[in-house]
Amino acid sequence: MGKTVAKQLQAIRGMNDLLPEQTVVWQYFEQKVRGVLASTGYQEIRMPVLEPTELFKRSIGEVTDIVEKEMYTFDDRNGDSLTLRPEGTAGCVRAAQQHSLLQNQTQRLWYYGPMFRHERPQKGRYRQFYQVGVETFGMEGPDIDAELILMSARLWRELGILDHVRLELNSLGTAADRKRYREALVEYLRGHLEALDDDSRRRLDSNPLRILDSKNETTQQLLEGAPVLSDYLDEESQLHFSALKAMLDEAGVAYVVNPRLVRGLDYYGKTVFEWVTTELGAQGTVCAGGRYDGLVEQLGGKPVPAVGFAMGVERLILLLETLQLIPAEVHHQVDAYLLVLGENCSSYALTVAEQLRLAVPSLRLVVNCGGGSFKSQMKKVARSGAPIALIVGDDEVSSRRIGVKYQDRDEPQQALTLEQTQNLLNQQLA
Ligand code: ATP
Ligand code: MG
């Protein structure tokens with residue numbers, strides 16, 4: 001009997017491994033994000049990836065795409081229903097309430113991590129994907145809405161994509177406004193049932209506002225003649241919206257008002273916005289958010305005004321890659337590679353390497369471990385991309401020196417003391 005070869009297991013569909021050549025790009029992005037958030041006074045919060053299923057049902061809404069068909073929900077060993085978080089806002093509100101961060105104070109919070117939705121995997125749409133989310137609490141005016149938008153615009157500028165994204169803006173008014181509007185919309189659509197696609201017909205009873213962002217063309221045509229939400233806004237919502245637009249005008253941030261922008265979650269009211277690119281096909285929304293003044297109360301707290309957004313990290317990185325905006329140095333992770341050319345040279349090489357790392361704090365130095373011929377070690381230098389090769393052989397060990405050879409220019413190898421090597425590396429990295 002022949003040996004059976006064990007079947008290799010694969011990652012779950014729609015859940016991606018990120019290999020080292022990709023993680024350096026992610027780190028570049030993360031570092032820009034952290035910089036922008038820190039400079040605006042936002043503080044990081046970290047929540048579990050699992051929450052009680054009830055939390056998402058009560059916040060996102062029972063008749064949304066997420067809760068109806070996208071959640072990873074299961075019973076744990078105690079029989080409690082748990083759900084892998086499909087988004088971060090609900091958990092963030094839960095945590096902020098649980099730890100009393102919301103009473104008589106303002107909060108500017110952000111989080112970063114994986115979200116889970118059982119969707120059809122395709123470019124820019126995965127089952128495990130990452131969001132950077134920002135949530136603010138206790139500020140009801142349009143100034144904080146504007147701050148969020150200006151902050152995201154600044155991040156786009158730093159990443160070089162500001163000219164490739166468009167800001168879409170709308171106001172959803174109050175719950176009462178939406179109720180009056182919903183009635184008018186349903187009445188209009190009932191008069192044209194034959195022109196509605198199946199999905200939209202189903203939503204007519206459950207969530208008619210979602211029909212507004214139907215991708216179906218005849219439905220879109222039908223909506224041309226439908227009542228518009230902006231005609232149903234109360235005075236306060238109108239003032240809030242025009243004040244926000246004035247602030248964006250003054251700050252020089254361009255936007256388009258999209259009266260059909262409703263967002264897929266139930267908890268939004270007043271301001272909603274999306275940053276959209278045309279470079280990624282159907283998955284063009286890279287960042288989306290809005291105001292959710294009713295959510296804290298809905299989850300059992302005293303009412304607290306709130307506004308936030310979440311960006312899709314994979315989509316932003318895809319956009320950076322599509323536009324070739326990732327600086328070349330992102331892929332250069334090694335400044336020097338130390339060759340060890342002799343059986344008794346390892347301890348000297350490792351000690352010298354530690355001393356260099358101590359003396360040159362930004363130095364990224366790789367020591368060759370596991371031996372190998374000069375030729376094979378030189379191949380590793382080339383693969384590492386290091387501009388400098390450091391060399392330790394028997395001669396260097398006995399003379400207490402370090403061989404130094406530039407990889408990017410034609411100069412003879414030098415034999416330097418530890419101190420000279422430190423100085424050279426400091427100059428090189430400056
Ligand atoms: P879409 O309309 O593309 O399905 P959404 O309205 O469901 O997006 P949100 O819940 O607002 O998305 O999430 C905020 C952002 O997270 C989106 O704008 C997008 O960039 C990203 N995102 C959402 N779902 C996915 C996914 N399955 N894969 C990758 N990124 C996603
Ligand atoms: Mg979605």
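Out of curiosity, is GLY403 small (Gly, Ala, Ser), outside the structural domain of TRP26 (by TED's automatic domain parsing) and surrounded by 11 or more Cβ atoms within 10 Å (Cβ to Cβ)?
Yes; evaluated as a whole, the condition is true for this residue.
State yes or no: is GLU158 in contact with an Asp or Glu (Cβ under 7 Å, 6 or more places away or on another chain) and either among the aliphatic types (A, V, I, L, M) or at pLDDT 95 or above (or both)?
The answer is no for GLU158.
Collect the residues in the stretch 134-168 that are under 21 Å from LEU319 (Cα atoms), of a type in the set (A, V, I, L, M) and not in a helix (DSSP H, G or I), keeping them in residue-number order.
Selection gives VAL134, ILE161, VAL165, LEU167.
So GLU250 clears everything in (1) away from ligand 1 (no atom under 16 Å from the Cβ); (2) in contact (Cβ under 8 Å) with a residue 24 or more places away in the chain; (3) on the phi < 0 side of the Ramachandran plot except one condition, right? Which one?
Here GLU250 meets the rest and fails (2).
If GLN283 satisfies all but one of (1) in a helix (DSSP H, G or I); (2) touching a strand residue (DSSP E or B) at 6+ places or on another chain (Cβ under 8 Å), what's the number of the condition it fails?
All conditions pass for GLN283, except number (1).
Looking at the stretch 102-116, can you tell me whether even one residue there is of a type outside the set (A, V, I, L, M) and farther than 30 Å from GLY141 by Cβ?
Taking every residue of the stretch 102-116 in turn, at least one turns out to be of a type outside the set (A, V, I, L, M) and farther than 30 Å from GLY141 by Cβ.
Would you please list the contacts, defined by Cβ atoms under 7 Å and residues six or more apart or on different chains, that run from a residue in the stretch 163-186 that is within 18 Å of GLN283 (Cα to Cα) to a residue that is in a helix (DSSP H, G or I) and not β-branched (Val, Ile, Thr)?
From the stretch 163-186, the pairs are HIS164/LEU319; VAL165/TRP156.
Would you check if PRO86 is within 17 Å of the chain's Cα centre (by Cα), within 11 Å of ligand 1 (Cβ to nearest atom) and over 13 Å from ILE45 (Cα atoms)?
Criteria met by PRO86.
Farther than 20 Å from ILE211 by Cα and within 16 Å of ligand 2 (Cβ to nearest atom), is that true of GLY252?
no
Give me the residue from the stretch 55-83 that is modelled with pLDDT of 95 or more and loosely packed, with under 14 Cβ neighbours inside 10 Å and, out of that set, nearest to ligand 1 (Cβ to nearest atom).
Ranking the candidates gives PHE74 first.
What are the residue pairs meeting all of these: first residue in the stretch 362-380, first residue under 14 Å from HIS332 (Cα atoms) and in contact (Cβ under 8 Å) with a residue 24 or more places away in the chain, second residue small (Gly, Ala, Ser) and surrounded by 12 or more Cβ atoms within 10 Å (Cβ to Cβ), Cβ atoms under 7 Å, and 6 or more apart or on different chains?
Short answer, once both residue conditions are applied: LEU363/ALA336; LEU365/ALA336; LEU365/ALA353; VAL366/SER384.
Scan LYS123, LYS179 and give me the residue that is exposed (fewer than 15 other Cβ atoms within 10 Å of the Cβ), among the basic types (Lys, Arg) and either over 24 Å from the mean Cα position of the chain (by Cα) or not assigned by TED's automatic domain parsing to the domain that holds GLU44 (or both).
So the residue among LYS123, LYS179 that is exposed (fewer than 15 other Cβ atoms within 10 Å of the Cβ), among the basic types (Lys, Arg) and either over 24 Å from the mean Cα position of the chain (by Cα) or not assigned by TED's automatic domain parsing to the domain that holds GLU44 (or both) is LYS179.
Is it the case that some residue within the stretch 266-273 is of a type in the set (Gly, Ala, Ser), in contact with a Leu (Cβ under 9 Å, 6 or more places away or on another chain) and surrounded by fewer than 18 Cβ atoms within 10 Å (Cβ to Cβ)? Spell out how you get there, then give the answer.
Narrowing the stretch 266-273 to residues of a type in the set (Gly, Ala, Ser): 269.
If we keep only those that are in contact with a Leu (Cβ under 9 Å, 6 or more places away or on another chain) as well, we get 269.
Now restrict to residues that are surrounded by fewer than 18 Cβ atoms within 10 Å (Cβ to Cβ): none.
No - not one qualifying residue is present in the stretch 266-273.
Do you know which of the residues in the stretch 285-315 that are more than 16 Å from ligand 2 (Cβ to nearest atom) and among the aliphatic types (A, V, I, L, M) is nearest to the chain's Cα centre (by Cα)?
Here the residue is VAL307.
The values are calculated or read from the model by the stated rules, or taken from the named source; none is laboratory data. These numbers come from a predicted model, not from an experiment. Note: ideal-geometry Cβ built from the backbone for every residue, glycine included; neighbour counts use all protein chains shown.
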